[in-house]
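Take a look at the structure set out below.
The values are calculated or read from the model by the stated rules, or taken from the named source; none is laboratory data. As the structure is a prediction and not an experimental result, all values here were calculated from the model. Methodologically, a virtual Cβ is constructed for each residue, glycine included, from the backbone with ideal geometry; neighbour enumeration extends over all protein chains shown.
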Amino acid sequence: MAGGLRPAAEAHFVGVAHKIPSHRWIPEAAPLGILKGERFSQGDLFIDYPSESVMFRWELAGRRYYRRFYGEPAETEVRSDNNLLNEAIRFGVEIDGATYAAGRTAD
């Protein structure tokens, strides 16, 4: 497909196809999702979910999640059963802390 994108519905991660709403596109080379097991026990984690213009932060010390929408300076705590958070874990990409702290602009 042109531009290095493929329909999200065709995405594969660890050899398993994931169902993603067909109107979303992901970069061809981007890994899909964050593996929860070991990664969440290794330290703080930052997730970008561009299709919903939101980022999340996992704080290992307090075992809490925080959400920050693009264009907003403040973050808010969210519960672990938050639908948007769980979508981001499954379909988002890991970013570094500096990117999260700098924020992203809303389109």
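Values as computed for the structure displayed
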{"read-out": "Counted residues, the range 77-92 - those being surrounded by 10 or more Cβ atoms within 10 Å (Cβ to Cβ) and within 19 Å of LEU60 (Cβ to Cβ)", "value": "9"}
{"read-out": "Residues that are more than 13 Å from the chain's Cα centre (by Cα) and within 15 Å of LEU45 (Cα to Cα), drawn from the range 80-92", "value": "SER80"}
{"read-out": "Sole exception among (1) closer than 15 Å to PHE91 by Cβ; (2) at pLDDT below 55; (3) surrounded by fewer than 16 Cβ atoms within 10 Å (Cβ to Cβ) for LEU35, by number", "value": "(2)"}
{"read-out": "Residues that are aliphatic (A, V, I, L, M) and either outside the structural domain of TYR65 (by TED's automatic domain parsing) or touching a strand residue (DSSP E or B) at 6+ places or on another chain (Cβ under 7 Å) (or both), drawn from the range 77-99", "value": "VAL78, LEU84, LEU85, ALA88, ILE89, VAL93, ILE95"}
{"read-out": "Looking only at the range 38-73, and only at residues there that are of a type in the set (Asp, Glu) and over 12 Å from GLU87 (Cα atoms), the one that is surrounded by the most Cβ atoms within 10 Å (Cβ to Cβ)", "value": "GLU72"}
{"read-out": "Enumeration of residues in the range 57-79 that are over 15 Å from GLY43 (Cβ atoms) and in contact with a Phe, Trp or Tyr (Cβ under 6 Å, 6 or more places away or on another chain)", "value": "ARG67, GLU75, GLU77, VAL78"}
{"read-out": "Subset of the range 95-107 [within 17 Å of GLY43 (Cβ to Cβ) and surrounded by 15 or more Cβ atoms within 10 Å (Cβ to Cβ)]", "value": "ILE95, TYR100"}
